[in-house]
Amino acid sequence: QVQLVESGGGLVQAGGSLTLSCAASGSVFGINFMGWYRQAPGKQRDLVARITSGGSTNYADSVKGRFTISIDNAKNTAVLQMNSLKPEDTSVYYCYARKGLLNTDYWGQGTQVTVSS
């Protein structure tokens, strides 16, 4: 199994930055991509950013140019660098990982990001 542990959430003012980390442990071999999703109260869980094992990335339009996702392969950790944060970025952020073949997916417990005006 794969376990995902998120860290780095917190409270920042608009325009500030946060770095979220997602450490994968367990049977990490075979993970095709990792990503970050967010879900605000009363809203669906939406993709923020993802990165494949080959290094290609995808971002939600709302975060392009502000957020950067990367992988620290040595530590099996996905990192989301969030800059120029806006109040609308306030949400619970969830780490996600998927293994191929059986399309097994894994989720972290979520970490709160709050951006004040």
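Computed quantities for the displayed model
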| quantity | calculated |
| --- | --- |
| The range 77-89, residues that are open to solvent by less than 50 Å² (accessible area, probe 1.4 Å), closer than 16 Å to GLU6 by Cβ and not small (Gly, Ala, Ser) | THR77, VAL79, LEU80, MET82, ASP89 |
| Residue match in the range 106-117 (condition: touching a Pro at 6+ places or on another chain (Cβ under 9 Å), assigned to a loop (DSSP other than H, G, I, E, B) and surrounded by fewer than 19 Cβ atoms within 10 Å (Cβ to Cβ)) | yes |
| Condition broken by LEU20, with the remaining ones in (1) open to solvent by less than 40 Å² (accessible area, probe 1.4 Å); (2) farther than 18 Å from THR57 by Cα; (3) modelled with pLDDT of 95 or more satisfied | (2) |
| Positions within the range 37-94 being farther than 20 Å from SER116 by Cα, of a type in the set (A, V, I, L, M) and part of a strand (DSSP E or B), in sequence order | LEU47, ALA49, ILE51, ILE69, ILE71, ALA78, VAL79 |
| Hits in the range 36-49 - residues which are out of contact with any Asp or Glu (no Cβ under 8 Å at 6 or more places or on another chain) and over 18 Å from ASN83 (Cβ atoms) | ALA40, PRO41, GLY42, LYS43, GLN44, ARG45, ASP46, LEU47 |
| Residue among ALA74, ALA40 that is open to solvent by less than 30 Å² (accessible area, probe 1.4 Å) and modelled with pLDDT under 95 | ALA40 |
| Complete set of residues in the range 1-17 that are open to solvent by 30 Å² or more (accessible area, probe 1.4 Å), part of a loop (DSSP other than H, G, I, E, B) and over 11 Å from TYR93 (Cβ atoms) | GLN1, ALA14, GLY15, SER17 |
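The values are calculated or read from the model by the stated rules, or taken from the named source; none is laboratory data. Small disclaimer: the values here were computed from a predicted structure and weren't measured. Quick reminder, even Gly has a Cβ in these numbers, built from the backbone with ideal geometry, and neighbours come from all protein chains shown. Note: areas computed on protein heavy atoms with side chains; ligands, DNA, RNA excluded. Shrake-Rupley method; radii C 1.70, N 1.55, O 1.52, S 1.80 Å.
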